[in-house]
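The values are calculated or read from the model by the stated rules, or taken from the named source; none is laboratory data. Keep in mind that this is a model prediction, so the values were computed, not measured. Note that each Cβ is placed from the backbone with ideal geometry, even for glycine, and that neighbours are counted across all protein chains shown. Quick note on the areas: whole protein, heavy atoms, side chains included, nothing else; ligands and nucleic acids left out. Shrake-Rupley method; radii C 1.70, N 1.55, O 1.52, S 1.80 Å.
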Amino acid sequence: MDAMSELIAAACAVRERAYAPYSRFPVGAAVRAEDGSVFVGCNVENAASPEGLCAEAAAIAAMVATGRQKLIAVAVVGGDATRPCLPCGGCRQKMQEFAAPGTVVVVADGNGRILYEGLLSRLLPMPFGPGGEQ
Ligand SMILES: [Zn+2]
């Protein structure tokens, strides 16, 4: 299994643990840190909806909690071909904060089929950040 397939599989697996009783739209995310290690997160909704957490944000937080602060790839699993789960604006900014130049983002469905693959810089052109130009 290649590195990106492995990342998608990790996102697929953690998606099963999503807490999404309100939207019924479970999402899993996996980020690969610069050293190759993988961190996962799922969406965690809340009755007070603004308090919910995106899967990507959870995965990034898990990475940062281990002391790693540079990611090179992100996989997001959710939705389907007609409704691919592209990262929200807030998550694009969160990725940018820790992204190495050339960071790739892949969006897949629950079967691991790739719906989108491209550079983070395409999803977030002209970013505001701590010198994280791509
Ligand atoms: Zn988000």
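In whole Hz, what ³J(HN,Hα) sequence does the stretch 63-71 give by Karplus (6.51, -1.76, 1.60; θ = phi - 60°), x for Gly and Pro?
Values per residue, Gly and Pro as x: 5, 5, 5, 8, x, 8, 9, 9, 10 Hz.
With axes computed from alpha carbons, what is the tilt in degrees of helix 89-98 against the longest principal axis of the chain, rounded to the nearest 10 within 0 to 90?
Approximately 40 degrees, to the nearest 10.
Please find the FRET efficiency linking ALA48 to ARG122, where r is the Cβ-Cβ separation and R0 is fixed at 30 Å, and quote it to the nearest 0.05.
After rounding, the FRET efficiency stands at 0.35.
Using only C-alpha atoms and all pairs of different ones, pull out the Kirkwood radius for the stretch 1-48 in Å with one decimal. Could you put the intermediate results ahead of the total?
Details: mean 1/r = 0.0883 Å⁻¹.
After inverting the mean inverse Cα-Cα distance, the result is 11.3 Å.
Averaged per residue, what accessible surface does the chain expose to a 1.4 Å probe, in Å²? Could the numbers behind the result be given before it?
Details: 6890 Å² over 134 residues.
Value for the chain: 51 Å² per residue.
Using the per-residue mean of other Cβ atoms lying within 10 Å as a proxy for protection, in what order, highest first, do the peptides 79-90, 54-65 fall?
Working: 79-90: 14.2, 54-65: 21.1.
So the peptides 79-90, 54-65, ranked by packing, come out 54-65, 79-90.
Test of understanding: extend the Cα→C-beta vector of CYS88 to 7 Å, then name every residue of the stretch 14-39 with backbone N under 12 Å from that spot.
23
Which residues' amide hydrogens lie under 5 Å from the amide hydrogen of ASN43, considering only partners 5 or more residues apart or on another chain, with H built in the peptide plane?
TYR19, VAL27, ALA55
Along its principal axes, what span do the Cα atoms of the chain show, with the longest given first and each in whole Å?
38, 36, 29
What's the carbon and sulfur percent of the chain's accessible surface, probe 1.4 angstrom, rounded to a whole number? Intermediate results must be reported in sequence, preceding the final value.
Working: 3790 of 6890 Å².
Carbon with sulfur: 55 percent of the solvent-accessible area.
How far is helix 3-15 tilted off the main Cα axis of the chain, in degrees rounded to 10, range 0 to 90?
Once rounded, the angle reads 30 degrees.
Among ARG15, ARG113, ARG122, which one shows the biggest mean-square fluctuation in a GNM of the chain, springs joining Cα atoms closer than 10 Å?
For the chain, modelled as a Gaussian network with Cα springs under 10 Å, the answer is ARG122.
Using just the helices of the chain, give the 222 nm mean residue ellipticity in deg cm²/dmol: DSSP H runs with n ≥ 4 each add -39,500 (n - 2.57), and the total is spread over all residues, rounded to 500.
Details: 4 runs with 38 residues, N = 134.
It lands at -8000 deg cm²/dmol.
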